[in-house]
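What follows is a short report on a single structure.
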Ligand SMILES: C[S@@+](CC[C@H](N)C(=O)[O-])C[C@H]1O[C@@H](n2cnc3c(N)ncnc32)[C@H](O)[C@@H]1O
């Protein structure tokens with residue numbers, strides 16, 4: 001990722017807020033963010049109510065500390081794609097963080113849908129599992145602890161939707177690994193978050209638009225909980 005993009009005029013306010021919050025966390029020895037969110041959810045949300053859990057995480061992100069959730073601005077862009085999927089759809093997510101998007105996807109799909117989420121950070125796995133459980137959705141969401149490069153080869157079957165939301169530099173190689181493992185079927189939808197100007201995922205965008213296996217669409221949006229321009233790339237697999 002090219003860090004200078006975070007210092008462009010339209011991102012400066014966002015960047016300074018993030019740097020200030022990160023410094024305060026370091027200086028105060030704050031607990032890992034996903035565990036703080038877990039405790040905040042347990043203290044303030046209604047157990048078994050996924051929408052209230054999401055709203056409580058949004059409140060934490062606005063009032064306490066920025067969270068890199070898909071968030072309420074971009075979430076609907078992903079949610080509307082689920083209308084095209086069967087009710088027993090399988091979704092693969094790369095990057096669970098606090099479980100926000102897992103909860104959003106599982107709640108939208110309904111009881112027959114299944115989410116498999118790969119997450120490299122132990123604190124995120126712990127926080128996301130707790131939040132998914134608090135929302136009453138642990139029967140629909142499996143969070144696998146491990147880096148995507150190591151865990152993708154262990155996956156079986158095919159997925160109706162793949163949500164790429166981990167480290168941006170891995171989007172292209174991980175999508176290629178997903179293809180090579182046969183985890184996509186014709187018509188599978190691949191959604192990549194954070195492909196806007198701040199993150200510069202040009203290699204990934206170039207791949208899905210020009211490899212000849214996807215119909216790809218760019219949807220402009222804003223970075224979660226901010227007005228900084230961002231985008232989501234929605235690519236339908238047509239091998
Ligand atoms: C943007 S956050 C995910 C947000 C989440 N999808 C949501 O919307 O609620 C990115 C997450 O990806 C995880 N991550 C980064 N690289 C990874 C990798 N190679 N494999 C699995 N997870 C990874 C990070 O630990 C972090 O929790």
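Observations, loosely collected:
- Full-extension gain in nm, residue 180 to residue 79, via 0.36 nm per residue minus C-alpha separation: 33.7 nm
- Cα-based shape type of the chain, given that a ≥ b ≥ c are square roots of the gyration tensor eigenvalues and the cut on a/c is 1.5: oblate
- Ranked 120, 141, criterion: other C-beta atoms within 10 Å, fewest first: 120, 141
- Residues 118, 12, 164 arranged by fewest to most Cβ contacts within 10 Å: 12, 118, 164
- Rounded to 5, percent antiparallel among DSSP beta bridges of the stretch 144-239: 70
- Counting DSSP beta bridges with both ends in the chain, the antiparallel % (nearest 5): 40
No lab work stands behind these numbers, since they all come straight from the coordinates. None of these values were measured; they are calculated from a predicted model. Heads up, the Cβs are rebuilt from the backbone with ideal geometry, glycines too, and the neighbour counts pull from every protein chain shown.
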